[in-house]
Each structure stands twice: as structure tokens, then as C-alpha cells.
């Protein structure tokens, strides 16, 4: 598999438990930042009622497309190019749920803001927004490993970094989302869940 991610492999089992329950009555799911497509493949294989739409920036698109073609799953759609900061990239479709994993700390804060500014284009009343990854609370890391990870991220790209839950939640509320849950996940990650009001 191209662009194989060990961390993605490690978190699949725990995420599957949560997403199976969350998406039990959902059909059309948009994934933002699919990268290798590991989540798209795993969740499509194990949650048969969903119709999964993978997406990523152009840089990762070729590898993502190849991996999904090889998987050949009926309920996983061909990937689309989506740069969250570009309003014209967002599809003219509405989804019942949006999922993204380990993306907010990779993109710049400006891109995180643009994501929330543009996300209403693909939402309707009741749409779930599920964001997985590490977060800070009141400016504090949940573990020393996350603090170390922050250093690694900053050395790699000064625009990246672990985001503050409070600031992300504020962006979601501004776009009409109601916060539902914060689930602690393995390896000091969180699954944050909002619903479009």
C-alpha cells in the first residue's frame, strides 16, 4: 500500500467501535484528508450501510486513488481532490456525516479556519462532524508524548501544531454546530463529535 501509515493502522480498531455506533443510521460520509485511504477501506469493509467518500489534496491524490482502486469496494467512492482552504474544491453535495483524522495538527491554523468556513457547503441539519486526533485543553497537553509531538511538528512546519480544543469548538459553534461528545481514545488522542443544528 502506498503511503502506508502505522498510526492509522493502530487506531482503526478503536475508531471502528465508535464510528459503527455513530454511523448506524448514516449513509453518506465525507472523509477529509484520506491520505493512504486506510480508514476509507477499513470502515467501508466493516460498516456495510455507509457510502464513504474519500478526499485529499492533490499531492496525495495519486497514491490514494491507486490504493482505493486496488481495494475495489462497492461502498467506497472514487476519491476527489479537496483542499479545504479552496471554496471551489468543496463538492455540491450534502453528507450525513463528515470524518477527519489527524489532519488539524498537520494543516495551518488558517486552513483550519477555512475548513470551518467552508464546511457548511456539504452539511445539512443533523450532519455529524467527527474529528480525531490530539488536542490541548486550556493550553495544556494531555501527555508528555503529545508535547514531544508538538516539538516534532513545529520543527517540520512552523504552521502546524496540536490545536486547542476550545478554539476549534468556537469555530464549530460559529458555523452552527452543537458539541455532543469528547471521547478519549488510545495513545492520547480524542474523538470530538458535533452535530449541525
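The values are calculated or read from the model by the stated rules, or taken from the named source; none is laboratory data. None of the values given here were measured: they were computed from a predicted structure. Here Cβ is always computed from backbone atoms with ideal geometry, including for glycine, and neighbour counts include all displayed protein chains.
Which is in contact with a helix residue (DSSP H, G or I) (Cβ under 6 Å, 6 or more places away or on another chain), surrounded by fewer than 19 Cβ atoms within 10 Å (Cβ to Cβ) and not in a helix (DSSP H, G or I), of 16, 2?
2
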All but one of (1) outside any strand (DSSP E or B); (2) modelled with pLDDT of 95 or more; (3) within 17 Å of residue 101 (Cα to Cα); (4) out of contact with any helix residue (DSSP H, G or I) (no Cβ under 6 Å at 6 or more places or on another chain) hold for residue 7; state the number of the condition that does not hold.
(2)
Here the qualifying pairs (Cβ atoms under 7 Å; residues six or more apart or on different chains; first in segment 31-55 and at positive phi; second crowded, with 24+ Cβ neighbours inside 10 Å and assigned to a loop (DSSP other than H, G, I, E, B)) come out as 37/54
It is to be established whether one or more residues within segment 25-32 are touching a strand residue (DSSP E or B) at 6+ places or on another chain (Cβ under 7 Å) and over 23 Å from residue 189 (Cβ atoms).
yes
Answer with yes or no whether residue 137 is surrounded by fewer than 18 Cβ atoms within 10 Å (Cβ to Cβ) and in contact with a strand residue (DSSP E or B) (Cβ under 9 Å, 6 or more places away or on another chain).
yes
For segment 188-197: of the residues being touching a residue at least 60 places away in the same chain (Cβ under 8 Å) and surrounded by 13 or more Cβ atoms within 10 Å (Cβ to Cβ), which is nearest to residue 140 (Cα to Cα)?
189
Quick one: how many residues across segment 150-172 are within 17 Å of the chain's Cα centre (by Cα) and not in a helix (DSSP H, G or I)?
5
Residue in segment 89-109 that is surrounded by the most Cβ atoms within 10 Å (Cβ to Cβ), counting only those that are out of contact with any strand residue (DSSP E or B) (no Cβ under 7 Å at 6 or more places or on another chain) and over 16 Å from residue 30 (Cα atoms)
107
If we keep only residues of segment 173-183 that are part of a strand (DSSP E or B) and in contact with a helix residue (DSSP H, G or I) (Cβ under 8 Å, 6 or more places away or on another chain), then the residue surrounded by the most Cβ atoms within 10 Å (Cβ to Cβ) is 183
Is it true that some residue in segment 156-172 is touching a residue at least 60 places away in the same chain (Cβ under 8 Å) and surrounded by 15 or more Cβ atoms within 10 Å (Cβ to Cβ)?
yes
Going through segment 118-134 one residue at a time, which ones are over 21 Å from residue 183 (Cα atoms), surrounded by 15 or more Cβ atoms within 10 Å (Cβ to Cβ) and in contact with a helix residue (DSSP H, G or I) (Cβ under 8 Å, 6 or more places away or on another chain)?
118
